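Readers should treat all values here as calculations from the given coordinates under stated rules, not as data from a laboratory. Because the structure is a prediction, the values reported are computed rather than measured. Cβ placement follows ideal geometry from the backbone for every residue including glycine, while neighbour counts extend to all protein chains displayed.
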Amino acid sequence: MAERVPAIDFVDLRTQQARVKSVLNARIAEVLARGDFVLGREVGELERALEKYTGAKHCVTVANGTDALILGLLALGVGPGDEVITTPFSFAATVEAILWCGATPVFADIEPQTYNLNPTLVEQNISKRTKAILAVSLYGRCADFEALNEIAAKHGIAVIEDAAQSFGATTARGHSCALTKLACTSFYPSKPLGCYGDGGACFSDDDDIAEVLRQLRDHGQTGRYEHTRLGKNSRLDTIQAAVLLTKLEIFDDELEARRRVAEQYHNALAGAVGVADGGEVFRSAHAQFPIETNERDRLARFLTERGVPTSVHYPRVLYQQAAFAGAVGTGCVHAEAAAARILCLPMHPYLSDQEIEHIADSICEFAHAQMRQVSG
């Protein structure tokens, strides 16, 4: 086994902050000197930078990723009486947003290889009430939006990407956040591109949708004290925009580092545990690195004893949560199987080769001990 290393960070923001500290402090100082703390100059700069990065025509920043989903659904006209097809294997915000709009979530099962929505099952769940498909690009890998867009066009409905974990990912068709009629992302601190608090954004090529989003995030205003629709207070703080502009400068380098970490994990863990295959045409942002094991709790304890933190994203499917009993669709066997087996390993750009080796060796040691028990 590799030499023991100090406790490992699940996400390392300290090293990243040290890397950008001088530029970050200067940007924040500018905001403090001007005093335009809400929707200030850096917010507009960030929106233009994110449009350029993703290839989407419009970026509208908002206060957080959940608001991005809610306002995005509202901008598409989703409301009471409508159904939105989505995945049961995601963070609660995905289905919360649908319910807050008064619509009904309809769950379709996932593909076991990718953990993302199965397009065939999505189409089987389309009804006359279906307004949209809300597909999560889970763990950093984009869903199959080529197939989902084709299905949606056939039925005259919209596709929304929940890109909370996939900003920076790419497919053969382009960047996450520019693959669908509407996309929503989160800048929560632990995301691949994260701020130092809450933040989010919506993306669209549709001028009308973008204009509605700008109104919705600012109390439904079209002008000062001119309220033309029911909106909410969901504006991005200028300091958070300054943080994101700073981090965006090193983002591509960090993505490459994440992919290096993922490749090392793949190579070292082959045969020891189940590891998802990202495929060649999908370049993941590697927000998480999930493995599958039938001994999740025991493995997690074993790793904790060796200074390796883990997390479970997610231990129950959404229709098993009491708050979402009004949703439609159960018995998603692949989602339930993933929820019972998934364990996420440390994943960030600053994992050292020594740390990766220690994590992988610890998992292989556990797996080999299990094999010996079975054979003995």
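For V38, nonlocal amide neighbours, meaning residues 5 or more places apart or on other chains whose placed amide H falls under 5 Å from its own, are T238.
Cross-link pairs exceeding 27 Å between alpha carbons, from the set K52/K131; K128/K191; K131/K247; K52/K154; K57/K232; K21/K181: K52/K131; K128/K191; K131/K247; K52/K154; K21/K181. Cα centroids of the stretch 200-230 and the stretch 28-84: how far apart, whole angstrom? Answer, in whole Å: 10.
Per DSSP helix of 4 or more residues, -39500 (n - 2.57); summed, then divided by the residues of the chain. What does that give at 222 nm, rounded to the nearest 500? It comes out at -13000 deg cm²/dmol, rounded to the nearest 500.
Per-residue 3J(HN,Hα) values for the stretch 317-334, derived from phi via the Karplus relation 6.51 cos²θ - 1.76 cosθ + 1.60 with θ = phi - 60°, read 6, 5, 6, 8, 8, 4, 5, 10, 5, x, 6, 10, x, 9, x, 7, 5, 6 Hz in sequence order (x marks Gly and Pro).
Here's how it looks for S176: its modeled amide H is under 5 Å from those of G168, A169, T170, T171, which are all 5 or more places away or on a different chain.
One decimal place: the segment L99-K128 gains 8.6 nm when fully extended, by the rule 0.36 nm per residue minus the C-alpha distance.
The stretch between E30 and E111 holds 24.5 nm of extra length on full extension. This uses 0.36 nm per residue minus the Cα-Cα distance. The 3J(HN,Hα) values that the Karplus relation (6.51, -1.76, 1.60; θ = phi - 60°) gives for the stretch 45-51 are, in residue order, 4, 5, 4, 5, 5, 6, 4 Hz. Gly and Pro appear as x. When its C-alpha radius of gyration is set against 2.2 N^0.38 Å (N residues), the stretch 200-255 gives a value of 1.42. Using only Cα atoms, find the angle between the long axis of helix 296-305 and the longest principal axis of the chain, and express it within 0 to 90 degrees, rounded to the nearest 10. Helix 296-305 sits at roughly 80 degrees to that axis.
Of the three principal axes defined by the Cα atoms of the stretch 210-342, the extents in descending order read 61, 43, 34 Å. Remark: spin-label model distance Q221-E146 equals 4.5 nm, labels positioned 7 Å along the Cα→Cβ axis. The residues packed around Q264, meaning those with a beta-carbon under 9 Å from its beta-carbon, carry a net charge of -2 if Lys and Arg are +1 and Asp and Glu are -1. The angle separating the long axis of helix 238-248 from the principal Cα axis of greatest extent in the chain is about 50 degrees.
Taking the Kirkwood radius as the inverse of the mean 1/r across Cα pairs, report the Rg/Rh of the stretch 1-156.
1.07
Taking amide hydrogens as placed 1.01 Å from N in the peptide plane, the amide H of V106 sits under 5 Å from those of V84, I85, T86, V328, each at least 5 positions away in sequence or on another chain. Converting phi to 3J(HN,Hα) with the Karplus coefficients 6.51, -1.76 and 1.60 and the offset θ = phi - 60°, the stretch 335-343 yields 5, 5, 5, 5, 4, 7, 10, 6, 9 Hz in sequence order, with x at every glycine or proline. Dividing the convex hull volume of the alpha carbon atoms of the chain by its residue count gives 137 Å³ per residue. Counting DSSP beta bridges in the stretch 123-248, what percent are antiparallel, to the nearest 5? The answer is about 55 percent antiparallel.
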